[in-house]
Amino acid sequence: MKSFMEKENGRAFRISRRDSGHPVDMLFLLENQVSVSVWTDSSSSSSSSSSSSAELIQAAVPPSVQLGLTVLYTVLYSLLFVFVYLQLWLILHYGHKRFSYQSVFLFLCLLWSALRTTLFSFYFKNVVQANQLQPLPFWLLYCFPVCLQFFTLCLLNLYFAQ
């Protein structure tokens with residue numbers, strides 16, 4: 001088994017392993033924490049230029065645009081959270097029914113926007129930490145908002161079916 005690592009342009013590492021006729025070339029980018037694995041079959045292993053012909057893969061969105069979109073989404077989710085929070089306080093203040101379609105819908109929206117704001121605020125400090133969470137926080141930040149969207153759409157269906 002032959003294994004070697006080389007640095008390309010100061011922005012990526014390539015690790016190549018030649019093992020029993022199944023070569024594997026892995027390219028790890030340093031800027032956007034992206035890893036790419038390229039599996040080739042044994043027929044391409046005979047080509048001597050297979051390890052040198054791999055091109056550097058770059059992110060589709062430049063880091064400045066990515067930071068701008070992260071800021072925009074964080075601000076929009078925060079504004080949604082504040083708006084829904086104020087709506088829930090108005091329901092309490094004016095004495096509306098506390099357990100109605102409107103209050104449950106607003107509570108689901110509040111929880112959804114809080115989780116999304118928390119997730120996008122992670123991206124300011126450490127992207128790697130946000131992508132390597134424990135199972136429960138990972139499920140809460142990445143999977144549970146989708147469940148909340150499903151619950152919200154089911155609630156809308158119930159409301160309009162009446």
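Which three extents, in whole angstrom, do the alpha-carbon atoms of region 63-161 cover along their principal axes, largest first?
45, 25, 21
From the backbone phi of region 129-137, what are the Karplus-calculated ³J(HN,Hα) couplings (6.51 cos²θ - 1.76 cosθ + 1.60, θ = phi - 60°) in whole Hz, Gly and Pro given as x?
5, 5, 8, 10, 7, 5, x, 5, x
Values quoted throughout were computed directly from the atomic coordinates according to the rules given, and no laboratory measurement underlies them. Please read all numbers here as calculations on a predicted model, not as lab measurements.
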